[in-house]
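Asks: Structure incoming, see below.
The values are calculated or read from the model by the stated rules, or taken from the named source; none is laboratory data. Bear in mind the structure is a predicted one, so any value in this text is a computation, not a measurement. Note that we place each Cβ from the backbone using ideal geometry, even for glycine, and neighbour counts take in every protein chain shown. Each accessible area value is taken on the protein alone, full model and side chains, heavy atoms only, with ligands, DNA and RNA left out. Shrake-Rupley method; radii C 1.70, N 1.55, O 1.52, S 1.80 Å.
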Amino acid sequence: MTVPYTDQFAAFSANGGGEGPAWLPALRAQAFERFSALGFPTTRDEDWHFTSVTPIAERTFKAVKAAPTALTLSDIEPWLVDESWQRLVFVNGRLEPALSNFSELPAEVQVSTLSEALREEPEWVKKHLGTLAAFDRAAFTALNTAFMQDGVVVRIPKGEVVEVPLHILHVTDTQAAGAAVHPRLLVVAEAQSQLVMIESYVGLGQASYLVNGVAEISVGDGARVDHYKIQRDSLEAFHVGTVQVTQGRDSIYHSFSYAAGAALSRTNVYTKLVGTGGEARLNGLYVLDGTQHADHQTFVEHLAESCASRELYIGILDGASHGVFNGKVYVDPIAQKTDGKQTNKALLLSDKARIDTKPQLEIFADDVKCTHGATIGKLDDQALFYLKSRGIGSDNARALLTYAFAAQVLETIEVDALRLLLERAIFARFTNLALE
Amino acid sequence: MLKISDLHANASGKEILKGISLTVNAGEVHAIMGPNGSGKSTLAQVIAGHPGYEVTGGTIEYDGKDLLDMEAEERAQAGVFLAFQYPVEIPGVTNAYFLRAAFNELRKARGEEEVDPMEFLDIMEEKLKLVEMDATMMQRSVNAGFSGGEKKRNEILQMAVLAPKLAVLDETDSGLDIDALRIVAGGVNALKRPDNATIVVTHYQRLLDYIVPDSVHVLAGGRIIKSGGKELALELEAKGYDWLLEPAGV
Ligand SMILES: Nc1ncnc2c1ncn2[C@@H]1O[C@H](COP(=O)(O)OP(=O)(O)O)[C@@H](O)[C@H]1O
Ligand SMILES: [Mg+2]
């Protein structure tokens, strides 16, 4: 059997992919070799039991053509959310400087494209790139590493608190129909620094494409990174995203993953708590309809004492959609006083909708507190009656309770403009009322 | 205003109300007392239109209409209000939003303009004072994490905002300390008008010191076994229910 993407990788290596410091083409080649050996995962693979990637594996997505975009600022305006946010805008995988604006970041904060960073600080990049997101057992990460191009590198120096959110917006339009983009993000937040980052994906026009992203985030001692991933890709698109985090002592990593787009999506949020007293907050909301499929896998590795992890994932499934939540927690023998809590709740709005949820706890320390809970349900009849008894009609009462279900996790969003955006979006989706 | 005739109702296939007849006129306050499990809440829920109870016989006429033929929301829009014995928590919907949505639904049903959030704020201010509730409660999710007393006060607040014609209070006094009881009763009295009526379900005669009933009924075993004036409540307080139960065959 011929390995898919072999020709594409050869062409890429000969044309651009071979550039950069000598270690980079070697890393790409190694990653591609690993991808060739692994192949795409199948449902026999434990981590992919409920998600078949056959629709991705059975075709070969092209490389995106390096054509200039016709999109203007007014086309992307609705997706900017807040004008004050600093932004890097990518269209079909390529940075568009004319649409981007990150000039108001503190001078000490380095934000650059991967190629710039490779030119200016190759040694520093080498020290971090690919060291967090291992690809030896992850085919999609291997594929990303082989093909990654216009990535983003963010470095927050020690003690720097970045007040203004940084928005990395990936727009894909019909120019990328049938193509794959492999966004790459490397964030190093040094000790005591803070960063709020929004990574969003939107599809303009109906196109089928593959987004295969990898983010590597290092949260230093006492540092805090808030990371919002907002996935609103085209309903014909495929989206695979892996976030691999490592957390130092007393650090906070707060992640929120919103998945409303794509025909098939898989989001992996993995964090390693390597310093004592670290805290991971992993939250998410998936809202699906039609034949959409969205899979979230989280993996929290408690590798040090006295760390806490809090997970709340909420799904609202309509039509014949299929949601998957797989929350893995590993508690190392050394990780005494671990405090872990995981909750997954799904609301099924139709008889054909389906959720598969699987907590996986591996605990090797004895002095730990780890709980998990999953509830799958319909709207609460008592609450429905309560609303109706106040004069609120059946449809509005249902809509309000559906919104309320999502609101439980939306309230964990600490960026006001983003929380409002999603509250309004969910409210408008399920009700014909106005939310003020 | 309300005429209940020979009402029978089941829950989970079991008969709970076994022939209740009760007439309430405009301007009146009726108290319903009775032992635990006698069917008081069932009666209240059937009046409000809870779909979990099956009415197997009898009629309820409200303002000349067949109440049993109306959906719960239609009853509310027609002026029926139930203060729940166990108010429901709705995390994710603020009290302010919930109350305004309900208020506007009732206005729409009467063919009136909806009010905007600013206008509603003014309306709320006065009602909050009535039940001595802090304005910050409006920004909290409906009943979520409220203490027992806060939940009961929130029911009366809703009643004050929605200004019902027929209010049914299901053990709104249970679990309240004397101050909270005074506030709740004060709220009910302030809302009393000649053209509305109130049914108070209670265990304790002490509430009736504040809300003076025109009639008192004893509900036991799914039937009204005795009716009388306000002095019946005092008699029940002194003697309990047993002297009534045996002769009634309960
Ligand atoms: N939904 C229900 N399903 C089954 N039994 C019920 C239900 N609601 C009430 N009951 C039963 O009906 C009886 C009367 O209950 P209730 O009306 O709550 O009494 P009260 O309010 O007078 O204490 C009790 O025996 C109770 O267990
Ligand atoms: Mg009761």
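Asks: For B:Glu119 and A:Asp45, what is the calculated FRET efficiency with R₀ set at 60 Å and r taken between the beta-carbons, to the nearest 0.05?
Replies: Working: r = 59 Å, r/R0 = 0.98.
With a Förster radius of 60 Å, E is 0.55.
Asks: Towards the positive end of the charge dipole of segment A:4-275, with charges on Cβ (+1 Lys, Arg; -1 Asp, Glu), say which of A:Ser251, A:Val89, A:Ser36 has the farthest Cα.
Replies: Positive-end residue among those listed: A:Ser36.
Asks: Roughly what would the spin-label model give for A:Asp366 and A:Asp7, points 7 Å off Cα along C-beta, in nm?
Replies: Once both label points are built, they end up 6.2 nm from each other.
Asks: Counting only protein heavy atoms and rolling a 1.4 Å probe, how much accessible area do A and B lose on contact, total for both sides, in Å² to 100?
Replies: Values: alone 18100 and 11640 Å², together 27570 Å².
Chains A and B together bury roughly 2200 Å² of accessible area.
Asks: Let me ask another. Can you pull the mean other chain C-beta count within 10 Å for peptide B:43-53?
Replies: 2
Asks: Can you classify segment B:23-62 as rounded, prolate or oblate using the Cα gyration tensor, where a ≥ b ≥ c are the square roots of its eigenvalues, rounded means a/c under 1.5, and otherwise it's prolate if a/b beats b/c and oblate if not? All intermediate terms of the calculation are to be shown ahead of the outcome.
Replies: Working: a/c = 2.12, a/b = 1.16, b/c = 1.83.
Oblate shape, in that a/c is at least 1.5 and b/c is the bigger or equal ratio.
Asks: Report the calculated FRET efficiency for B:Val212 and B:Ser147 (r = Cβ-Cβ distance, R0 = 25 Å), to the nearest 0.05.
Replies: Details: r = 28 Å, r/R0 = 1.11.
Efficiency, from the Cβ-Cβ distance: 0.35.
Asks: Right, something else. How would you classify segment A:84-181 from its alpha-carbon gyration tensor, with a ≥ b ≥ c the square roots of the eigenvalues: rounded for a/c under 1.5, else prolate if a/b is greater than b/c, otherwise oblate? Write down the numbers at each step before the final one.
Replies: On the way: a/c = 2.05, a/b = 1.15, b/c = 1.78.
The shape class here is oblate.
Asks: Among DSSP beta bridges lying fully in chain B, give the percent that are antiparallel, nearest 5. Mind dumping the intermediate values first?
Replies: On the way: 25 of 42 bridges.
Around 60 percent antiparallel, to the nearest 5.
Asks: Using the crude model of +1 on Lys and Arg Cβ and -1 on Asp and Glu Cβ, and no other charge, please compute the dipole size for segment A:4-275 relative to its Cα centre, in debye to 20. Can you show the working numbers first?
Replies: Numbers: 21 positive and 31 negative charges, 140 e Å.
That gives a dipole near 680 debye.
Asks: Explain nothing, just the number: relative contact order of chain A, from Cα pairs under 8 Å at least 6 residues apart, as a whole percent.
Replies: Values: 1082 pairs, mean separation 40.0, N = 436.
Once divided by the residue count of chain A, the mean separation gives 9 percent.
Asks: Take peptide A:402-412, look around each residue's Cβ out to 10 angstrom, count Cβ atoms belonging to other protein chains, and average those counts.
Replies: 3
Asks: Right, here's the next one. Using a 10 Å cut-off on Cβ atoms, rank the peptides B:108-118, A:219-229 from the highest mean neighbour count down.
Replies: A:219-229, B:108-118
Asks: Still on this structure: Using only alpha carbon pairs under 8 Å that are at least six residues apart, calculate the relative contact order of segment A:380-436 and give it in whole percent.
Replies: Numbers: 34 pairs, mean separation 18.1, N = 57.
It comes to 32 percent, rounded to a whole number.
Asks: Per residue and in cubic angstrom, what volume does the convex hull of the Cα atoms of segment A:139-238 have? Could the numbers behind the result be given before it?
Replies: Working: hull volume 9.5 nm³, N = 100.
Taking only Cα atoms, segment A:139-238 has a hull volume of 95 Å³ per residue.
Asks: Taking R0 as 25 Å, what FRET efficiency do you get between B:Asp177 and B:Trp243 from their Cβ-Cβ distance, rounded to the nearest 0.05?
Replies: On the way: r = 30 Å, r/R0 = 1.21.
The computed FRET efficiency comes out at 0.25.
Asks: Roughly how many debye, to the nearest 20, is the charge dipole of segment A:35-76 about its Cα centre, given +1 on each Lys and Arg Cβ, -1 on each Asp and Glu Cβ, and no other charges?
Replies: Working: 4 positive and 5 negative charges, 56 e Å.
In total the dipole reaches around 260 debye.
Asks: Another question, then. Convert each backbone phi in segment B:123-139 into a coupling constant with the Karplus relation 6.51 cos²θ - 1.76 cosθ + 1.60 (shift: θ = phi - 60°), then list the ³J(HN,Hα) values in order as whole Hz, x for Gly and Pro.
Replies: 4, 5, 3, 5, 5, 4, 4, 4, 9, 6, 10, 6, 4, 5, 4, 5, 8
Asks: Same structure again: Sort the following peptides by mean Cβ neighbour count (other Cβ atoms within 10 Å, averaged over residues), highest first: A:348-355, B:155-162. Please list the in-between numbers first.
Replies: Working: A:348-355: 16.2, B:155-162: 23.4.
The most tightly packed comes first, giving B:155-162, A:348-355.
Asks: Mind checking which of A:Gln110, A:His239, B:Leu219 is farthest towards the positive end of the protein assembly as shown's charge dipole, using Cβ charges of +1 (Lys, Arg) and -1 (Asp, Glu) about the Cα centre?
Replies: A:His239
Asks: Which percent of the accessible area of chain A is formed by carbon and sulfur heavy atoms (probe 1.4 angstrom)? Before the final figure, lay out the partial values.
Replies: On the way: 8520 of 16970 Å².
Solvent-exposed carbon and sulfur of chain A make up 50 percent of the total.
Asks: Rounded to the nearest Å, what's the spacing between the alpha carbon centres of segment A:319-378 and segment A:105-131? Just the number, please.
Replies: With segment A:319-378 and segment A:105-131 each reduced to a Cα centre, they are spaced 36 Å.
Asks: Roughly how big is the protein assembly as shown's charge dipole about its Cα centre, with Cβ charges of +1 (Lys, Arg) and -1 (Asp, Glu), in debye to the nearest 20? Kindly include the intermediate steps, with their values, before the conclusion.
Replies: Numbers: 63 positive and 91 negative charges, 212 e Å.
Using Cβ point charges on Lys, Arg, Asp and Glu, the protein assembly as shown gives about 1020 debye.
Asks: Further question: Under the definition of partner shielding as Cβ atoms of other protein chains within 10 Å of a residue Cβ, what is the mean value for peptide B:111-120?
Replies: Details: counts 0, 0, 0, 1, 0, 2, 2, 1, 0, 1.
The shielding value for this peptide is 1.
Asks: Over the protein assembly as shown, average the accessible area per residue using a 1.4 Å probe and give it in Å², no decimals. Let's see the in-between values first.
Replies: On the way: 27570 Å² over 686 residues.
Result: 40 Å² of accessible area for each residue.
Asks: Would chain A count as rounded, prolate or oblate if I go by the C-alpha gyration tensor, calling it rounded below 1.5 in a/c and otherwise prolate when a/b exceeds b/c, oblate otherwise?
Replies: Working: a/c = 1.41, a/b = 1.25, b/c = 1.13.
Note, shape of chain A comes out rounded.
Asks: Work out the charge dipole of the protein assembly as shown with +1 on the Cβ of Lys and Arg and -1 on the Cβ of Asp and Glu about the Cα centre, then indicate which of A:Tyr270, B:Gly148, A:Ala404 is farthest towards its positive end.
Replies: With unit charges placed on the Cβ atoms, the residue in question is A:Tyr270.
Asks: Also, I was wondering about something else. What part of the accessible area of chain B, given as a whole %, is carbon or sulfur when the probe is 1.4 angstrom? The partial results should precede the final answer.
Replies: Values: 5080 of 10600 Å².
On chain B, the fraction of accessible area on carbon and sulfur atoms equals 48 percent.
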